[in-house]
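Read the structure below first, then the notes.
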Amino acid sequence: MINDQTIYVWRRQHLIDTGQLPGMNSSDLCELAAARKHIAELSRARIVTTSTLTR
């Protein structure tokens, strides 16, 4: 069975996606998550590069 809270969140996101409620739509949330993941990867790469250069 699906939890009531899950259904509430899905319904609320649907209302946002259709412009009936203010907020970030699913597409924008997905793009933001991808950007954050990319930034985290770049940060890790920078740390590795910096630590390699300082040895």
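Can you confirm whether I2 is without any contact (Cβ under 8 Å) to a residue 24 or more places away in the chain, open to solvent by less than 100 Å² (accessible area, probe 1.4 Å) and in a helix (DSSP H, G or I)? Steps first, answer last, please.
Details: without any contact (Cβ under 8 Å) to a residue 24 or more places away in the chain: yes; open to solvent by less than 100 Å² (accessible area, probe 1.4 Å): yes; in a helix (DSSP H, G or I): no.
Here the answer is no, as I2 does not meet what is asked.
For the stretch 5-28, a residue qualifies if it is open to solvent by less than 70 Å² (accessible area, probe 1.4 Å) and part of a helix (DSSP H, G or I), and the qualifying residues are T6, Q13, L15, I16, S26, D28.
The values are calculated or read from the model by the stated rules, or taken from the named source; none is laboratory data. Computed from a predicted model, the values in this text were never measured in an experiment. Quick reminder, even Gly has a Cβ in these numbers, built from the backbone with ideal geometry, and neighbours come from all protein chains shown. All accessible areas refer to the heavy atoms of the entire protein, side chains included, with ligands and DNA or RNA removed. Shrake-Rupley method; radii C 1.70, N 1.55, O 1.52, S 1.80 Å.
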